[in-house]
Structures are given as C-alpha cells and as structure tokens.
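Working notes, beginning with the structure itself.
Nothing in this text is a laboratory measurement; each read-out follows from the coordinates by a stated rule. Remember, it's a predicted structure, so these values are computed and weren't measured experimentally. Cβ atoms come from the backbone with ideal geometry, glycine included; neighbour counts cover every protein chain shown.
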Amino acid sequence: TARIPMLLELFPDARFVHIHRDPYDVYLSRMSQFDSAVRWKALHRIEKHEWEARTFRYYRALMDRLCAEAKSIPPGNFVELSFESL
C-alpha cells in the first residue's frame with residue numbers, strides 16, 4: 001500500500017487489490033496483538049498507550065498515502081473489497 005509509485009515504476013501494468021476492514025476492527029486487532037505478543041516479545045518496553053497512539057498514527061498515515069497514491073494507478077488496475085466479503 002505504501003509503495004504504489006515504486007511498484008508502478010517497476011511494473012507499469014501492475015494490478016492492485018486493496019482489502020479493507022472496519023477501522024474499529026483494525027484497532028481491536030492491533031490492541032490484541034499488543035496484549036498477546038508485543039508486550040512480551042518487544043526488545044524494549046512499550047506502554048499500551050504508546051502502542052495505541054502508534055496504531056492511530058500509522059493507520060491514518062497509511063490510509064492518507066493510499067488515497068493520494070491510488071490516483072496514479074491506471075483505470076481498471078485497482079480493486080477494493082472488504083475483508084468480510086472474502
């Protein structure tokens with residue numbers, strides 16, 4: 001998602017599939033990841049509120065970048081579908 005220009009440069013006819021989820025589900029999944037793995041396996045201590053802030057920051061940055069860069073994909077080469085429809 002974050003490398004659309006580079007991928008189009010390497011593969012001008014590339015096709016992209018964006019599978020999206022409800023942002024609330026993404027948040028719950030990331031927080032569950034913190035509780036089940038990050039807290040216990042991180043190389044340095046990270047507080048839950050820091051993980052939550054990162055989750056919001058990264059999600060917004062990723063979606064903003066996708067919205068801006070998806071416009072450069074040729075018509076017909078970009079498909080969006082929901083996670084639930086899979």
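The alpha carbons of the chain occupy a box of 44, 28, 19 Å along the principal axes, longest dimension given first. The stretch between GLU80 and LEU10, if pulled fully straight at 0.36 nm per residue, gains 23.0 nm over its current Cα-Cα span.
Each of SER85, PRO12, TYR59 was placed along the dipole of the chain (beta-carbon charges, centred on the mean Cα), and the one lying farthest toward the positive end is TYR59. Contact order, relative form, for the chain: 59 percent (alpha carbon pairs under 8 Å, 6 or more residues apart, mean separation divided by residue count). Each helix, a run of at least 4 DSSP H residues, gives -39500 (n - 2.57); summed and divided by the residues of the chain, these come to -15000 deg cm²/dmol at 222 nm. Two decimals is fine: what is log10 I(q)/I(0) at q = 0.18, 0.22, 0.28 Å⁻¹ for region 1-46, from a Debye sum with one equal scatterer on every Cα and no solvent? Evaluating at q = 0.18, 0.22, 0.28 Å⁻¹ gives log10 I(q)/I(0) of -0.73, -0.78, -0.94.
Amide H contacts of HIS20: LEU81, SER82, PHE83, each under 5 Å away and 5 or more positions distant or on a separate chain (H built 1.01 Å from N in the peptide plane; Pro and chain starts excluded).
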